[in-house]
Amino acid sequence: MNNIYLALMHYPVLGRHANIVSSAVTNLDVHDISRTCRTYNIKGYYVVSNLPAQREIVDNVLSYWLEEFGREYNPSRSEALTVVRKASYLEDVIEDIESVEGVRPHLVFTSAKRGPDRLSYGEMSGLLRTSEIPHLLLFGTSWGLPEEILKLCKFALEPIRANSDFNHLSVRAAVAVILDRLIGEDTEKRRD
């Protein structure tokens, strides 16, 4: 499973009233999700925003931790941030992955909402473990990813807590839970 990518979408995402908006990049999402991605050997973590000022936030975080004082101060954080890429649009991410892998990635939709044809984590894990095609896991900020993104995806994952009366994890927590469910340690190996 060495060809899995992740994108944190800040555009297009749903706003409070189900309209398409651009959401703000947070320093914590850049840091924490990169650490999770590095832990699970994600090949690339893309922060996607159509707003130049928001991409500049990503540049500033990366510059500090990869080129400035942060690199010396905390080398493990610096290493984790090496997986971060920035992009203006999802199409840019897809093109970048295709240029690296030589094939278009399969897009995987994530959501806290239920929907038809959602794969279980076991089913998706099995696909990831046997496929030679790269996969791009899409995570939404704000109120989640819009229907137009779902239509581009080959797969959609079931929600983490589909039957809960409260299902509103931070995107950082959702990324960690989902990556562990998909890539985590093989349970058969843990029994030995």
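The values are calculated or read from the model by the stated rules, or taken from the named source; none is laboratory data. Here the structure is a predicted model, which means the values were calculated and not measured. Every residue, glycine among them, receives a Cβ derived from its backbone with ideal geometry; neighbour counts consider all protein chains shown. Ligands, DNA and RNA are stripped out before the accessible areas are found, and what is left, the full protein with its side chains, is counted by its heavy atoms. Shrake-Rupley method; radii C 1.70, N 1.55, O 1.52, S 1.80 Å.
Does any residue of the range 121-132 turn out to be among the aromatic types (Phe, Trp, Tyr), assigned to a loop (DSSP other than H, G, I, E, B) and over 13 Å from the mean Cα position of the chain (by Cα)? Let's see the steps before the verdict.
Step one: filter the range 121-132 for residues among the aromatic types (Phe, Trp, Tyr), giving 121.
Next, only the ones that are assigned to a loop (DSSP other than H, G, I, E, B) stay: none.
For the range 121-132, residues among the aromatic types (Phe, Trp, Tyr), assigned to a loop (DSSP other than H, G, I, E, B) and over 13 Å from the mean Cα position of the chain (by Cα): absent.
Name the residue that is most open to solvent (accessible area, probe 1.4 Å), counting only residues in the range 143-172 that are within 15 Å of the chain's Cα centre (by Cα) and either farther than 12 Å from residue 112 by Cα or among the acidic types (Asp, Glu) (or both). Spell out the reasoning first.
At the first step, the residues of the range 143-172 found to be within 15 Å of the chain's Cα centre (by Cα) are 144-145, 149-150, 153, 155-157, 159-160, 169-172.
Adding the requirement that they be either farther than 12 Å from residue 112 by Cα or among the acidic types (Asp, Glu) (or both) leaves 149-150, 153, 155, 172.
Working: 149: 8, 150: 43, 153: 24, 155: 38, 172: 72 Å².
Only one residue tops the list, namely 172.
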Fill in the blank from the handout: Across the range 142-158, the tally of residues that are touching a residue at least 12 places away in the same chain (Cβ under 8 Å), within 21 Å of residue 17 (Cα to Cα) and out of contact with any Pro (no Cβ under 9 Å at 6 or more places or on another chain) stands at 4
Problem - Residue in the range 44-56 that is free of Cβ contacts under 8 Å to residues at least 40 places away in the same chain, under 22 Å from residue 174 (Cβ atoms) and under 15 Å from the mean Cα position of the chain (by Cα) present - result: yes
